[in-house]
1. Give me the residue from region B:65-124 that is surrounded by fewer than 24 Cβ atoms within 10 Å (Cβ to Cβ), among the acidic types (D, E) and within 14 Å of chain A (Cβ to nearest Cβ) and, out of that set, farthest from A:L168 (Cα to Cα).
2. Among the listed residues B:I170, B:I161, identify the single one that is at pLDDT 90 or above and in a loop (DSSP other than H, G, I, E, B).
3. Need the failing condition index for A:N189 against (1) within 14 Å of chain B (Cβ to nearest Cβ); (2) buried (at least 21 other Cβ atoms within 10 Å of the Cβ); (3) modelled with pLDDT of 90 or more, just the number.
4. Please pick out the residue among A:G178, A:G206 that is within 24 Å of B:R164 (Cα to Cα) and either surrounded by fewer than 22 Cβ atoms within 10 Å (Cβ to Cβ) or within 8 Å of chain B (Cβ to nearest Cβ) (or both).
5. Test A:L269 against the stated conditions and say whether it is under 26 Å from A:A171 (Cβ atoms), at pLDDT below 75 and either buried (at least 17 other Cβ atoms within 10 Å of the Cβ) or touching a His at 6+ places or on another chain (Cβ under 9 Å) (or both).
6. Testing B:W136 on (1) buried (at least 22 other Cβ atoms within 10 Å of the Cβ); (2) touching a strand residue (DSSP E or B) at 6+ places or on another chain (Cβ under 6 Å), one condition comes back false. Which one is that?
7. So, A:D405, is that one in a helix (DSSP H, G or I) and free of Cβ contacts under 8 Å to residues at least 60 places away in the same chain or not?
8. What about A:A321, is it part of a helix (DSSP H, G or I) and farther than 23 Å from A:P354 by Cβ?
Amino acid sequence: MLEFLLALLTTVTVGALLVPLLRVGARRTERLDSELAIYRDQLAEIERGRAAGAVPESEAAAARIEVERRILHAAEGASANATKTTAPADSSTLHRILPPALALLLPLLALGVYLNVGRPGLPAAPFGARPVVDLPAPGEPMTAERLVAQARARLAGRPNDPDALSALGEALVLEADGTVTQPAIDAFNKALAQRPDDARALYYLGLHEAQSGDSPAAIARWRDLEAKSPPDAPWLPMLRAEIARVSKAAGLPAPGGMPQPTREQQEALQSLPPAERQQAIRSMVEGLDAKLKDNPADRAGWLRLANAWRVLGENARAADAYAKADALGPLDAKTLTDWAESHVRQLAPGAAPPAAAVAVLERLEKAEPRNALALFYLGAASFAAGDKPAAVRRWKTLLALLPADAPIRPMLEERIKAAE
Amino acid sequence: MRRTLFILPLLTLALMAGFFAWSLLAGRDPASIGSVLVGRPAPRLEVAALRDGEPPLTDALLRTGKPAIVNFFASWCTPCLAEHPLFTRLATREEATIIGVAWKNKPVEALAWLKRLGDPYKFAGADLDGRAGLDWGLSGVPETYLVDGQGIVRRHFRGPITERDVNETIIPFLRGAK
């Protein structure tokens, strides 16, 4: 019934628009007739006025002459119009072409926009069937209340277990939609009293500081945690992303080079325990990787993927992704630097870069002749290839660029000496 | 003459575009509707206590010679959740006197909310029918008023307070008024 009404409405609207569009051509020929009819009426009226004596003879004559003049003018205009329509005929052609052209162009335009912006493959999501996006845990529905209950049950047996205390705090945060509440703070503080380096408690206490308006304290705490964490700690990417987010929000100098997940992603990530969080980040990057395999012409996607792998320390995969992006369009010096970096990070200390890396480094050197990374590793490559003068030239250029107290200076000087 | 009429829509469009451009670029905050309370004695504060067994809130709380923060909140209000940690900090680290009024909020729900999040309010009132909110010119929750020791409203925040508000306005106000 509703569909029928909608169709009816559409038909009426389209009809109302179409009728004048199609009638425009016909109307002009009728125009002279209608003008003449008006003038005839006017003449008759003047005549009636004169006969009744309401209008003096002289005025009636003047009025009649005026109307007759207008009739002549109208006739002239009409004949001029007629010659115009027969000779150039452009406006009538326009009127003939306009309706079908509009009828074709508008749907085509709409289709074009839809194909660009829309997602025809997106499955329908009826309200009843929509999954609850509360928690990403697949299989069992895990609610915050249940997590809190579990953590409390765990704590009942071991009231001073720092792990259980932290888990309880985290569950309480989850329950409060990501706000670190006073009870959660108490739990984290108790956990810290038992184990002063509990990463989860430190992280959430920092988050509390950020939420309670003391971003500098939060960042100081997080940087401390970052420095104390082992280099392969699963929470590091998340922690760095949070540092970047909070420093940005508070207008503090932000560390660069971090991938910025969207707000929703961050919030979803925040609610996961660290190990799962790392897993989630990886699976997000893997997802991007898989998506790009289907759509390999997405240059920006490859660059994003490359950056993500680089940050995650997957340098070989990062280098691959950069190569894919490079095949689609030239890279700028900054990206070339990142690409070269992901190549040389795979090197054993002191080893010469392989051919693939050298190719990238050479392009980087061309784009930026004073790039330290390119100078250093291309020097190493030249040295390994036996081209000692080229190695010495590059390393000396680099040496001149380095500040006087650069820590790699002595090593570089030693290498130059060896090459000479 | 009839030709010139066709310019009218264009002119209207240009005028509207000009107005929008000005609104965007002039730094005007369309959300700011000002407050008539600032600089005047605080409105009547007569609400029942939220917590059981406490005396109702009265005007005397605002004229103790010490500055007070009056915060209208509700458990159903998400921005209130976002600003809550800031009040926790003001209560614990600045020892601020914070008067919370649960606006159009069932006391049971407001109390459960405070139990879950922690309770930064030295005095808590329940304004279930929103009458105190009317007196205070409330447009919604959260809103926050800074009241000095003589009961004069000094600042009125419509919407959640932010880190910047706390550090640049509220803390200097609390310290300066002591």
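1. B:E94
2. B:I161
3. Unmet condition: (2).
4. Exactly one residue qualifies, and that residue is A:G178.
5. Taking the combined requirement at face value, the residue satisfies it.
6. (2)
7. No; evaluated as a whole, the condition is false for this residue.
8. No: the conditions fail for A:A321.
The values are calculated or read from the model by the stated rules, or taken from the named source; none is laboratory data. Predicted, not measured: the structure shown is a model, and the values here were computed from it. Methodologically, a virtual Cβ is constructed for each residue, glycine included, from the backbone with ideal geometry; neighbour enumeration extends over all protein chains shown.
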